[in-house]
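Here is the structure we will look at, set down as structure tokens.
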Amino acid sequence: MPKLDTTKSAEYELLDAYLDSIKHLPPEPTLLVELIDLFRNPDADVDEIVAVLRRDTALSVEVLRRCNSSYFGLDTPVTDINEAVFQLGFHEVYQMTVSLSGMQTMKPKEAIPGFSAEALQRHSSIAAIAAGELALEVDESEGIAFTAGLLHDVGKLVLALGEREKYVAMMDDCKRTGASLSEKEKNLFGFNHDEVGARLLQRWGVPVEVVTPALRHNSPKPDGEWQRFVAITSMASRLANHIEQEKVLVPFILLPGVRPLTEFLQLSNSQIPEWETSVRNKVREMPELLRA
């Protein structure tokens, strides 16, 4: 899906018609897209970044509040976004802002009976943390990986908004039986949350490095452009599911599908538990990242 071509025009038309039929789609995260573009530009000026952040007053206030939380332990409180970027670094402020913006995007305007937007937000936040940490291990962009992890499951919200009780019942059935949610979605609707989510991100102007992992994270294959980000997002989503389980029955490395991803990313046996421990610690230490 990263490239629109004539061979996929029918698929795009189907997805676009479906998206256009939904009354309250998630709001377009304009600020988030601008920040991603700035983050990808090695020549971006800090003043440009600060100017973008300042345009959303409510978001800026929340970023400053979180900068001044006990987690960061700054000697003196920061009172300005420019100062926050200077003291914490653009990457830290970027993650904070993208997290807040992403959570706003994944908060439906109306409640969907039986569907927990909070659970989706939590999963997405943990996946974002895990993807960012894993990117550092394999020498890829931490910021892009964090963003891909945060947005990879936005299609679930879209289908919940479009199908409501039918989709909730499908999710419950998959949890009970262990069936593949993506496959069930495809059989019933003609597309799955990976495809509809990726198409929505594409329509928003989100870059291909983030769109592609949303499309392929449930069926990662060691080929194609941006495949390393796909593998990182797939690993991060699996670890987020593993962390969210009340009882851990098997080690993460033994879960189905994990070993091929670790081999593709050339991760050693010692790196996996170290990465998992790092993510679990960060999740415990940064609860502000796990709520909107």
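Values quoted throughout were computed directly from the atomic coordinates according to the rules given, and no laboratory measurement underlies them. Please read these numbers as outputs of a predicted model, since none were measured by experiment. We place every Cβ from the backbone using ideal geometry, glycine too, and count neighbours over all the protein chains shown.
Structure values in brief
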| quantity | calculated |
| --- | --- |
| Between the stretch 113-138 and the stretch 60-107, the Cα center-to-center distance that results, in Å | 18 |
| Computed [θ] at 222 nm, helices only, for the chain once each DSSP H run of length n ≥ 4 contributes -39500 (n - 2.57) | -20500 deg cm²/dmol |
| Longest exposed-site-free window of the chain, the sites being chymotrypsin sites (Phe, Trp or Tyr not before Pro) in a DSSP loop that have at most 15 other C-beta atoms within 10 Å | 73-292 |
| Among the listed pairs LYS156/LYS221; LYS23/LYS166; LYS186/LYS221; LYS109/LYS186; LYS221/LYS247, those beyond 24 Å (Cα-Cα) | LYS109/LYS186; LYS221/LYS247 |
| Kirkwood hydrodynamic radius of the chain, from inverse mean 1/r over distinct Cα pairs, in Å | 19.7 |
| Prolate/oblate/rounded label for the stretch 79-169 (Cα gyration tensor, a/c 1.5) | oblate |
